Amino acid sequence: MSRQERLLWSMASIGLAVFLVIAVAKVSEIRLVSPIFLPPPQRIWAALVKGLTMGNFGAMFLATVRHMVVGLTLAACLGIGLGAMIGTSASARAYLMPTLEFLRPFPSSAIIPVTIAFFGLTETMMLAVIAFGSFWPILMATIHGFSTVEPRLEDVSRALGLSRQSAMMKIALPHAMPDILGGMRIGLTMALVLATVGEMLTGRNGLGQTILLAARSFRTADLYAGIILLGVIGFASMLIFDRVERRLLRWRS
Amino acid sequence: MRGAPRLLPFDWRGLVLPVGFLLAIELIATMSTIERDAFAAPSAVLAAAARTLSSGVTLKAAGETVITAGAGLLLGLVIGLLVGIPLGLFRRADLLMMVPLESLRPVPPVALIPLSLLIFGFGYRMEIAVVAFAVVGPIFLFTRSAIRGIDPQLMEVSHALGLGFLAQVTKIVLPAILPRIFVAFRIALGIALVVAVTVEITANPLGLGYRMTIAQQSLQPDLMFALLLWIGLLGWSLNALLVRAEARLFGAAA
C-alpha cells in the first residue's frame, strides 16, 4: 500500500470518527437514549471547555498526573533496583523466585483495603497503592531482563576485566532495557488505573474524584468530559513513553 | 509465552522467605499487646479463613466475583473476536477503524465505573460492563496480530479452494489463531479478575472485594487478610488451571 493511499485511509478514518460523533448527537437529539446516560456531544464539549477555563478540570488533571508520576517513579526505583539485584544473583533467585512467581497472578488492587487500614484515606495510601500496583510488572520484567544475559557476554566482560559494577552498567543493563521498558509500560497503565481508583475512594483531588462526583449529581456531561480527560492522560503518557523508549533503545536499530 | 511457571525441582531455599516472614509476623503479633486495626497474626488470619470457608461466605463471595469476571470476560472475548477477525483480515477496514478504536483504548477501564453505575445501578450488570470494556482491547489486539501472523500460504489455500468468507473464518482462520487466542484469554482472565475486584472495592456491593472492604471498615483485620488470602488463591488457581490447559491443548504451539 502506497504512502498516499495510507494517508487517504487515515483521513477516511478521521471522517468516520466525525460521522460517529454526529450519529451520537442525532441519537441523543431524538432521545433514543435518555440524555442522562448519553448527553449530546456538543454539551460534553461545552462542559469540557467550561471545566478547563472556569472550573477545576485543569487542577484535577494535574493532580492525577502528579499521582501517577510520583507512584510510578517510586515503583520504578524499587522495581528496577531490586530486580537488578535479584536478576544478577542466582542464589537470590533461588530464595525469592518461588514466592514472586506465586504472587504474580495476585490481583494487585485487592491490596487497597489493606492500605486503607494502614494509612487511612490519605494521599500516602493512594501513592502506596499506585506504587505497589506498578511495582510488580516492573520488578518481574527487570528480573527477567537481568537473568537472561547471554553467559558468553559474562565471559566477555570477565575477559575485558570489567568490574561487577561496570559489567552491570555496560552489558547487563542494556540487555535488560527492553524488558524493563516493557514492564514500565504495563506499570504506566496500572498507575493511571490505580490513581483513578484511589481518587474515587479517598475523594482527594484528581479526575477520579471529578467523575465520581459528576455521576453522583447526574452531571453526565461533566462525567464524560472527565472520562475524556483521563483518556487524554492515557494517550499522552503512552506517546511520551514511546518517544523515551525509542530514544533508549536507539542502539538496537 | 513468558509467565507460565516453569516446573523446577523442589528447592528448600524458596521456602525461607515466606515461612520466615510469617513466623516473624506471628511472633510480633503474640509479643505485642497494642490495639491494632491493620494487623493480624497469621494464625488468626488462617482461623478467619477457615471460618469464612465453613460458613459459606467464601464460596458465595468468590462465586459472585468469578461469575461477574467470567461473564465480562466472555462478553469481551466475543466482541474482541467479532471486531478483531475482520480487521485482521482486511487491512483497509483496519485503517478505516483506526481513529475510532484508538481513541477508546487509552481510557482507563475504571473510569467507566461511575458511568456504569449511573446506567445499571449496583449489581452484576455494571461490573460485567466494566470488565468487558477492560478485556476487549487486549483480546482485539491479540486476535488481530494473530491473524496477521497466519502463514500466507494457508490463506492462499483457502482462496484456491474458493472458500466463502464464513468458511474461510471457521475452517482456516479460527483454527490457526486458536493457540494465540488462548494465551490472550489467559492474560485477559488476569485483567478481568483485577478489574472485578477493583469494581467491588470501589463501588459494587458484591463479591470478595466488597467483603474485604466491609471487613476493613468494621476493623476486623483478621477477616480482611483472610479474604485477601482467598482472592490471592482464586487468582493463583485460575491462572494455574489455564496454564495447565494451555500446555495440554496446544503444547509448544502457543
For chain A, longest principal axis from Cα atoms; helix A:57-88 axis from its Cα atoms; angle between them, nearest 10 degrees, is 20
Specify whether the C-alpha gyration tensor of chain A places it in the rounded, prolate or oblate class, a ≥ b ≥ c being the square roots of the eigenvalues: rounded for a/c under 1.5, otherwise prolate if a/b is larger than b/c and oblate if not. oblate
Please compute the average number of Cβ atoms from other chains found within 10 Å of each residue's Cβ in peptide B:216-223. 2
Could you work out the local net charge near A:GLU245, counting Lys and Arg as +1, Asp and Glu as -1, over the other residues with Cβ closer than 13 Å to its Cβ? +4
Net charge around B:ILE128, counting only other residues with Cβ within less than 14 Å of its Cβ (Lys, Arg = +1; Asp, Glu = -1)? -2
Angle between the Cα long axis of helix A:123-147 and the longest principal axis of chain A, 0 to 90 degrees, nearest 10? 40
Chain B - convex hull of the alpha-carbon atoms, volume per residue in Å³: 161
What angle do you read, to the nearest 10 degrees and between 0 and 90, between the alpha-carbon axis of helix B:57-89 and the longest principal axis of chain B? 20
On alpha carbon coordinates alone, what is the Rg over Rh value for the range B:159-245, Rh being the Kirkwood radius? 1.28
With only helices counted (DSSP H, runs n ≥ 4, each -39500 (n - 2.57)), the per-residue ellipticity at 222 nm for the protein assembly as shown, to the nearest 500, works out to -26500 deg cm²/dmol
If each K or R counts +1 and each D or E counts -1, the residues other than B:ILE177 whose Cβ falls under 15 Å of its Cβ total +3
Suppose a student asked you for the relative contact order of the range A:1-106, using Cα pairs under 8 Å spaced at least 6 residues apart; what percent would you report? 10
Over chain A, what is the mean sequence separation of C-alpha contacts under 8 Å (at least six apart), divided by residue count, expressed as relative contact order in percent? 25
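Values in this text are rule-based calculations from the coordinates and carry no lab data. Because the structure is a prediction, the values reported are computed rather than measured. With ideal geometry, Cβ positions are generated from the backbone for all residues, glycine too; neighbour counts draw on all protein chains shown.
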